[in-house]
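J.: Supplied in structure tokens, the structure appears directly below.
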Protein chains: 4
Amino acid sequence: MREREWSQFHTPQNLAKSISIEAAELLECFQWSDAADEGALLDELADVLTYCYLLADKLRQDPVELILTKLQKTSEKYPVDKARGRSDKYDRL
Amino acid sequence: MREREWSQFHTPQNLAKSISIEAAELLECFQWSDAADEGALLDELADVLTYCYLLADKLRQDPVELILTKLQKTSEKYPVDKARGRSDKYDRL
Amino acid sequence: MREREWSQFHTPQNLAKSISIEAAELLECFQWSDAADEGALLDELADVLTYCYLLADKLRQDPVELILTKLQKTSEKYPVDKARGRSDKYDRL
Amino acid sequence: MREREWSQFHTPQNLAKSISIEAAELLECFQWSDAADEGALLDELADVLTYCYLLADKLRQDPVELILTKLQKTSEKYPVDKARGRSDKYDRL
């Protein structure tokens with residue numbers, strides 16, 4: 001990427017817009033059906049992930065570290081004994 | 001996550017919807033302004049990444065491998081000498 | 001539309017997905033720039049609006065009525081004297 | 001709205017972002033289930049519609065006119081005899 005001098009376009013806002021745009025292309029695999037073509041799915045997931053990594057990099061964060069920190073917070077908000085088998089938001093448990 | 005028995009809700013389609021929903025929350029950090037609160041930004045980015053990892057896991061793929069494969073394809077579509085400093089789509093180069 | 005027998009695909013959920021997908025195509029007009037081609041913008045806005053109207057129709061609601069009801073609620077949440085010239089959420093006023 | 005002096009925030013780009021954000025809140029009604037609470041659905045649909053109308057107004061266009069023009073184009077791309085009962089894109093018919 002660096003040698004294409006694209007990072008000038010990679011402001012945090014443009015990357016956030018790009019993540020939304022690519023996420024919608026992923027969703028499009030399921031637009032009219034519950035089943036999706038797996039090749040297309042992987043391709044679009046890769047695009048979302050790529051922009052997420054570029055944004056993490058821009059913010060000087062490690063993507064996996066971000067996930068682990070967040071999971072830690074989630075596990076505190078959703079105690080196992082209350083949340084088992086439910087999809088409710090934590091304030092409704 | 002496993003001990004909460006949430007994976008029953010984690011169909012590929014539900015995860016794709018979740019990625020779009022969290023991507024929009026990330027975008028919301030920039031709804032009325034070009035600047036965003038960095039704490040909020042990291043929090044929302046972590047959510048998008050988490051669902052991306054769950055979907056990759058569901059599809060038995062390694063997230064970083066997906067990104068690398070995609071970057072390889074991109075670098076073939078956008079030759080350095082044509083794409084330097086441009087944000088055009090490859091079919092307009 | 002009726003004569004194409006497409007309404008079988010137009011479940012509320014599929015229409016909600018479609019609205020998100022088309023909204024992202026509208027956003028794509030601004031992916032790398034603050035300025036957008038007006039023709040493309042109108043085209044994508046028309047797509048979002050069309051799916052919104054189809055969903056309103058499915059729910060037997062008048063789109064303009066929905067907007068007016070919502071504006072009424074908003075004007076109660078954001079009193080003119082507090083909200084003038086601010087983009088804060090109502091719980092921060 | 002006018003008396004709250006909010007239109008300074010209502011640039012086409014900010015409105016496009018807002019449409020995506022609200023569309024995702026509409027989608028959230030279906031995040032973990034095929035069924036949605038109708039009240040919440042109508043509320044979120046109203047938000048998407050409101051921002052669509054604000055953007056149409058900004059671009060000095062009539063929303064219903066935009067829809068009709070688009071439907072005219074669609075009906076030319078998807079001839080009734082080919083498209084009946086199918087959800088394929090027009091280039092696959």
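The values are calculated or read from the model by the stated rules, or taken from the named source; none is laboratory data. Predicted model only: the values in this text are computed from it and were never measured. Virtual Cβ from ideal backbone geometry, glycine too; neighbours counted across all protein chains shown. Ligands, DNA and RNA are stripped out before the accessible areas are found, and what is left, the full protein with its side chains, is counted by its heavy atoms. Shrake-Rupley method; radii C 1.70, N 1.55, O 1.52, S 1.80 Å.
J.: Determine Rg/Rh for segment A:15-87; Rg is computed over alpha-carbon atoms and Rh is the Kirkwood hydrodynamic estimate from the same atoms.
T.: Reported Rg/Rh (Cα atoms, Kirkwood Rh): 1.08.
J.: Give me P(r) over the protein assembly as shown, computed from all C-alpha to C-alpha distances, binned every 10 Å, as integer percentages.
T.: 5, 22, 33, 27, 12, 1
J.: Here is a follow-up. With each label point set 7 Å from Cα along the Cα-Cβ vector, what nm distance links D:Q31 and D:K82?
T.: According to this spin-label approximation, the distance is 4.1 nm.
J.: Interface B/D, total buried accessible area with a 1.4 Å probe, nearest 100 Å²?
T.: Details: alone 8070 and 8070 Å², together 14680 Å².
Roughly 1500 Å² of accessible surface disappears when B and D pair.
J.: Sketch the reach of a paramagnetic label on B:E65 as a point 7 Å from Cα along Cα-to-Cβ, and name the residues of segment A:25-42 whose backbone nitrogen lies under 15 Å away.
T.: A:39, A:42
J.: Over the heavy atoms of B:T74, what accessible area does a 1.4 Å probe trace out, to the nearest 10 Å²?
T.: 30 Å²
J.: Let me ask you something else. So for segment C:1-56, averaging the separation of alpha carbon pairs under 8 Å that are six or more residues apart and normalising by length, what relative contact order in percent results?
T.: 44 percent
J.: Helix-only estimate, please: 222 nm mean residue ellipticity of chain A, summing -39500 (n - 2.57) across DSSP H runs of length 4 or more and dividing by its residues, to the nearest 500.
T.: One gets -20000 deg cm²/dmol as the mean residue ellipticity at 222 nm.
J.: Return the whole-Å distance between the Cα centroid of segment A:31-93 and the Cα centroid of segment B:20-93.
T.: 13 Å
J.: Counting pairs on different chains as well as pairs 8 or more places apart, how many Lys pairs in chain D have Cα atoms under 16 Å apart?
T.: Eligible lysine pairs with Cα atoms under 16 Å apart amount to 5.
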